[in-house]
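Structure first, then comments.
Just so it is clear, none of the values below were taken in a lab; they were calculated from the coordinates. Just so it is clear, the model here is predicted, and its values are computed rather than measured. Neighbour counts are summed over all protein chains in view; Cβ atoms, including those assigned to glycine, are modelled from backbone coordinates with ideal geometry.
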Amino acid sequence: MDGTLIRRCRRSALFSISLLAALAVFTACGEKDNDVPLIFAAASLADVLTEAGELYEAETGRRVEFSFGGSTALSNQIARLNAPADGAILAGDGPLRTLIEAGSVEGSDAVTVARNSLVVVSEDDVSLGSLSELAESSAQVAIADPELAPAGDYARQALISAGAWEEVSDRIVPTLDVRAALAAVGSGSVEFAIVYSTDALSEADVNLVLTVDQSLHQPIMYPAAAISGSSRADAMDDFVSFLRSPDGEAVFERHGFLVD
């Protein structure tokens, strides 16, 4: 089986997993509280939004619920499968465009709540001078599947800009989302992974071996918006306002995110 076919099979399997995850969300949402918004959010936001949600509840008495995953997969679940999300906080412009084009989100309602950057991590205590050095090695490199999560698309952009993609592409191990790419390094399954800097900070068992030059990829933004027609849109907007308040921004900064 050649490398292209293997990658297609992996992608098909990952997409099937994302659909199964969507079905699980649909089932779980059948008994959700009427006043609690369900927010679909990027996997890279799991830690920071969980903490922010707890602080929000402590300060306001209001709750929010999350479904975390790859942003591209989540946007498709909302736009194509009518997943019962009340809001979305996703990574990158692509998933937001999917929602806008499907009429799921009004573009004028989207606001950026945080920014991020890319790093290369390894279980070993090594160092890289540039992404080009990955091309010179024989190591496997885990990234979030570019078709499922923006983290993978940013990683691919950076590798292409660095002139390393062609040499590395056959050794890329695509994962369901950026957290899975990080876990692949932590478990020793691969030698390197390209992940968000905030994810690297959350995992003590990996070493940061290279900070990726931000000029090699598009800016990493996290737009947030309520889903059009949701009866809980106001509750979503209230939570987004909290995220942009001094208390909310402080949570993002503690987790290594950049805020305006």
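Just a few scattered comments:
- The ranking of 195, 48, 209 from fewest to most other beta carbons within 10 Å of each one's beta carbon is 209, 48, 195.
- Most to least packed among 87-93, 49-55, 68-74 [average Cβ atoms within 10 Å]: 68-74, 87-93, 49-55
- With only the Cα atoms considered, the chain has a convex hull volume of 126 Å³ per residue.
- For segment 194-210, backbone phi angles converted through the Karplus equation (6.51, -1.76, 1.60; θ = phi - 60°) give residue-by-residue couplings of 9, 9, 6, 4, 5, 5, 4, 5, 7, 10, 6, 8, 10, 10, 6, 10, 6 Hz, Gly and Pro being listed as x.
- Over the chain, DSSP H runs of length four or greater, each weighted -39,500 (n - 2.57), average out per residue to a 222 nm ellipticity of -13500 deg cm²/dmol.
- Over segment 50-190, the alpha carbon radius of gyration divided by the compact-protein estimate 2.2 N^0.38 Å works out to 1.22.
- Exposure proxy shown here: for 143, 220, the number of other Cβ atoms within 10 Å sets the order, fewest to most, as 220, 143.
- On Cα atoms only, tilt of 150-161 relative to the major axis of the chain in degrees: 30
- Scaled against 2.2 N^0.38 Å for its residue count N, the alpha carbon radius of gyration of segment 116-216 is 0.91.
- Nearest-ten-degree value, helix 46-60 long axis tilted from longest Cα axis of the chain: 20
- Crossing angle, helix 71-81 versus the chain [Cα axis fit, 0-90 degrees, rounded to tens]: 50
- In plain terms, the residue of 236, 221 with the fewest other Cβ atoms within 10 Å comes first and the most crowded comes last, giving 221, 236.
- Segment 31-119: trypsin sites (Lys or Arg not before Pro) falling in loop per DSSP and having at most 14 other Cβ within 10 Å: 32
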